[in-house]
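First the structure, in the form of structure tokens, and then the observations on it.
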Amino acid sequence: MEDRELLKIKIGNELKQKTEEMTTRQEMLDLLKKYDEYVLDYPEELSGYGNRSVVLEALGLYQLALNDLNVVTQMSPNLHRGWLNKALIMLRLGRLKEGWQYYEWRRGMVIDNNDFLQKNNEIGLPYWSGEKNTENSKLFVYAEQGLGDNIQFFRFILELKNRGIYVSVLNKVELDTLLRYNLEKHNIEVFENGAKLTPDFKYYVFSMSLPYCLQIDSIDKIPYKSKYIDIPPQFEEKWKKKLRYTKKKKIGIFWTSDSEHKKSRFRNVTFEKIKKLFPLDAKFHCLQKSVTEEDKKAGEKIKNLYFWNTELEDFSDTAALIDQMDLVITVDTSVAHLAAAMGKPTWIMLAYHPDFRWLLDREDSPWYESARLFRQDENYEWDSVIEKIKNELREIL
């Protein structure tokens, strides 16, 4: 019995490691076969179903992945990760009502650097579930997770204001200058980082709970689909002076992020592939704050590619540089959300198994009217995506 248990743990750990490293469709198919065998051998092992669902998702087999996660939540009804993973699939499938409901399970977890339980204890207020308030009964909104999440869900803070909810918002430090300007423009209070909550705060809410609290249960109810982020004037003026006038199209380009996100290996594009766009008759401006030495060295040989990474001191600088562009082409990163939230024509390159917010099988986005989606096929390769973008660019240059 002990040998069987040790073997189960050993095989399970090896499969999990390979799941975290898989990048090709063939690797996924091979893993799926091994998981099928593992689940048959150890039907009582919850992680077998949970980890197999990750592979099934990557293969685009979402209903089968949901079936596995249903087993997980039946075997362990209080397992937060199981419910969260179900939420992400449902949101990706456009099933927003169930998706946002199950997404609330994250509040009992640690996701990346977000310890929701610890933050709940620190804040010490009742959690908001849509209660009405007055000017003397403020709602504290805590911005959570990544910068792209903050930009995407900023629309719901504007929606709170639109619905007469009195709020005070704590921004991520990296986004504070940009979002503070937009909050103050809408007469929404900014909560100062490090300040203490005063007695007029009655509830708090994490920013990504807002669509659930506001009952955004279908994609047609998503508010602020057009431009909702403006640039602080001093940054706009600064970057107008930096870029010379040209009759050629100015295209912002972002091909690889230095994010430690576990899906970065799927999201990023190599310089070798993206450089196929640069022979086109346009001015390309790199929007990345972080550029590898290798990419910088290769890029400096290209006459119509410009780097600004040393001058992007604040996210408002990035926004102002984007504002000078005619078009932005980017992988799935915070810049994609920023450009689209600014109403800039934005072409987003997506992995075959995309993040939940981009849904499936569509070239447009219900979140951003100005966004256009260019998706990989099931083979997880970028060549066809870049070729399609290159052909589309030729039409507008």
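Taking all pairs of different Cα atoms in segment 29-183, averaging 1/r and flipping that mean, what Kirkwood radius in angstroms comes out? Write down the numbers at each step before the final one.
Numbers: mean 1/r = 0.0557 Å⁻¹.
Computed over segment 29-183, the radius equals 18.0 Å.
Translational diffusion coefficient, Stokes-Einstein: compute it for segment 303-397 using the Kirkwood radius over C-alpha pairs as Rh, at 4 °C and 1.567 mPa s, and state it as an integer in µm² s⁻¹.
The diffusion coefficient I find is 91 µm²/s.
Just how much of Tyr203 is accessible, in Å², when a 1.4 Å probe is used and the result is rounded to the nearest 10?
Its accessible surface works out to 60 Å², give or take rounding.
Return the lysines within reach of Lys33: Cα separation strictly under 18 angstrom, same-chain partners fewer than 8 residues apart disregarded; answer none if there are no such residues.
Once the sequence-local lysines are set aside, what remains near Lys33 is Lys8, Lys10, Lys16, Lys18.
What is the gain in length, in nm to one decimal, between Leu280 and Lys262 on full extension, counting 0.36 nm per residue of separation less the C-alpha to C-alpha distance?
On the way: separation 18, 0.36 × 18 = 6.48 nm, distance 3.29 nm.
Using 0.36 nm per residue and subtracting the Cα-Cα distance, I get 3.2 nm.
Please list Val190, Val54 in order of solvent-accessible area, largest first, computed with a 1.4 Å probe with all protein chains present. Kindly include the intermediate steps, with their values, before the conclusion.
Working: Val190 20, Val54 55 Å².
The residues order as Val54, Val190, largest area first.
Testing the spin-label approximation: label points 7 Å from Cα along Cα→Cβ at Asn391 and Ser129. State their distance in nm.
5.2 nm
With contacts defined as alpha carbon pairs under 8 Å and 6 or more residues apart, what's the relative contact order of segment 148-298 in percent?
Details: 99 pairs, mean separation 30.9, N = 151.
It rounds to 20 percent for segment 148-298.
Which order do Met75, Met90 take by accessible area at a 1.4 Å probe, largest first?
Met75, Met90
Running a GNM on the chain with Cα contacts under 10 Å, which residue among Gln215, Gln288, Gln74 ends up with the highest mean-square fluctuation?
Gln74
In segment 1-142, if the dipole is taken from +1 on Lys/Arg beta carbons and -1 on Asp/Glu beta carbons about the Cα centre, which of Tyr49, Thr24, Met90 is farthest to the positive end?
Positive-most Cα among the choices belongs to Met90.
What nm distance separates the two modelled labels at Leu46 and Gln234, each placed 7 Å from Cα along Cα→Cβ?
My value for the distance between the label points is 5.2 nm.
Between Asp364 and Arg244, how many nm apart are label points set 7 Å from Cα along the C-beta direction?
Placing both labels 7 Å along Cα→Cβ, they lie 4.0 nm apart.
For a test of the definition: using alpha carbon positions, the gyration tensor, and the 1.5 limit on a/c, classify segment 204-323 as rounded, prolate or oblate.
prolate
Rounded to the nearest 20 Debye, what is the dipole magnitude of segment 64-145 about its Cα centre when Lys and Arg each give +1 and Asp and Glu each give -1 at the C-beta?
Working: 10 positive and 9 negative charges, 49 e Å.
Magnitude of the dipole: close to 240 debye.
Report the trypsin sites (Lys or Arg not before Pro) located in segment 305-397 that are in a DSSP loop and have at most 12 other Cβ atoms inside 10 Å of their Cβ, or state none. Each step should come with its number before you reach the end.
Details: sites: Arg357, Arg362, Arg372, Arg375, Lys388, Lys390, Arg394; in loops: Arg362.
Taking segment 305-397 and a limit of 12 other Cβ atoms within 10 Å, the loop trypsin sites (Lys or Arg not before Pro) found are Arg362.
Leaving out same-chain residues fewer than 8 places away, which lysines sit with a Cα under 22 Å from that of Lys196?
Result set, ordered by chain and number: Lys119, Lys138, Lys172.
If you average the sequence gap of Cα pairs under 8 Å that are 6 or more apart and divide by the length of the chain, what percent do you get for the contact order?
Numbers: 615 pairs, mean separation 61.5, N = 397.
RCO, the chain: 15 percent.
Kirkwood hydrodynamic radius (Cα pairs, Å) of the chain? Numbers along the way, then the final one.
Working: mean 1/r = 0.0438 Å⁻¹.
The Cα-based Kirkwood calculation yields 22.8 Å.
Grab the DSSP H runs of the chain that are 4 residues or longer, score each as -39,500 (n - 2.57), total them, divide by all residues and round the 222 nm result to the nearest 500 deg cm²/dmol.
-13500 deg cm²/dmol
Among the GluC sites (Glu not before Pro) in segment 201-275, which ones are in a DSSP loop with at most 16 other Cβ atoms within 10 Å of the Cβ? Mind listing them? Mind showing how you got there, number by number?
Working: sites: Glu236, Glu237, Glu260, Glu272; in loops: Glu260.
Within segment 201-275, the qualifying GluC sites (Glu not before Pro) (loop, at most 16 other Cβ atoms within 10 Å) are Glu260.
Would you report the distance distribution of C-alpha pairs in segment 118-238 as whole percents per 10 angstrom bin, up to the bin with the largest distance?
Result, from short to long distances: 12, 47, 33, 8, 0 percent.
Quick one: how many Å² of Cys213 are accessible to a 1.4 Å probe, rounded to 10?
About 20 Å², rounded to the nearest 10.
Rounded, prolate or oblate: which fits segment 19-117 when a ≥ b ≥ c are the square roots of the eigenvalues of the alpha-carbon gyration tensor, with rounded for a/c under 1.5 and prolate only if a/b beats b/c? Walk me through the numbers on the way to the answer.
Numbers: a/c = 1.68, a/b = 1.47, b/c = 1.14.
In terms of gyration-tensor shape, prolate.
Roughly how big is the chain's charge dipole about its Cα centre, with Cβ charges of +1 (Lys, Arg) and -1 (Asp, Glu), in debye to the nearest 20?
On the way: 60 positive and 63 negative charges, 285 e Å.
In total the dipole reaches around 1360 debye.
For Thr256, what accessible area in Å² do you get when you roll a 1.4 Å probe over the heavy atoms of the protein chains, rounding to the nearest 10?
Near enough 30 Å² of accessible area.
Students often get this wrong, so check it: of Lys227/Lys262; Lys248/Lys296; Lys250/Lys275; Lys289/Lys344, which have C-alpha atoms separated by over 26 Å?
Beyond 26 Å: Lys227/Lys262.
Can you give the extra length, in nm with one decimal, that the chain gains between Gln74 and Glu300 once fully stretched, where that is 0.36 nm per residue apart less the Cα-Cα distance? Walk me through the numbers before you get to the answer.
Working: separation 226, 0.36 × 226 = 81.36 nm, distance 5.57 nm.
Extra length from Gln74 to Glu300 when fully extended: 75.8 nm.
Straight-line reach from Lys297: which aspartates and glutamates have a Cα under 14 Å away, not including same-chain ones fewer than 8 places off?
List returned: Glu272.
The values are calculated or read from the model by the stated rules, or taken from the named source; none is laboratory data. Everything numeric here is computed off the predicted structure, so don't read it as measured data. Cβ sites come from the backbone with ideal geometry, for glycine too, and all protein chains shown count toward neighbours. To get the accessible areas, we keep the full protein, side chains included, count just its heavy atoms, and leave off ligands, DNA and RNA. Shrake-Rupley method; radii C 1.70, N 1.55, O 1.52, S 1.80 Å.
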